[in-house]
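What follows is one structure encoded as structure tokens, with my remarks underneath.
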Amino acid sequence: MEPEQGRVIDFATAAKAARVTAAKAARVTAAKAARVTAAKSARTPGRGADSTEPRLLRQIYGEILRDERRDQDRSLEDVARTVGMSKQYLSEVERGRKEASSEMLRSVCDALELPMEQLLARGIRRMTAHRTLRTTGHAGVELCAA
């Protein structure tokens, strides 16, 4: 092997090592970013299973509507088109970012064939479960006589 060939191999090896190191650094950075995002999410009121902050009614109703839509395997676009609103607005309602009017909630419920009374009842159950979790630190179980 000529001395120049040895240098070429060394440069090639060094370049490969640099690429591997850069890829590893990118993965570590992405993992750190994911942890930071998760930590921020957990501190945001109404987010995460361990949230101790009171939740807004719009967040609870949004979750219920999103769960119902997903259970029916329907897209945002499909439901939004049926209701006559933009899919961006429906997405924001589902995420609890926008306060939907009672008329709009009724329209979405109708599109999902979800009685408005059921939306309200589910909302009460979720609020009660969240309040129990907040005050006791764990999910409480209550037995009621029928």
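When each of the peptides 88-97, 67-76 is scored by the mean number of other C-beta atoms lying within 10 Å of its residues, the order from highest to lowest reads 88-97, 67-76.
Here the extension length gained between residue 73 and residue 91 equals 5.0 nm, from 0.36 nm per residue of separation less the Cα-Cα distance. Spin-label model, residue 81/residue 29: points 7 Å from Cα along the beta carbon direction are separated by 4.1 nm. Across the stretch 57-134, the convex hull enclosing all Cα atoms gives 79 Å³ per residue.
No value in this document is a laboratory result; all are computed from the given coordinates. Everything numeric in this text was worked out from a predicted model, so none of it was measured. Methodologically, a virtual Cβ is constructed for each residue, glycine included, from the backbone with ideal geometry; neighbour enumeration extends over all protein chains shown.
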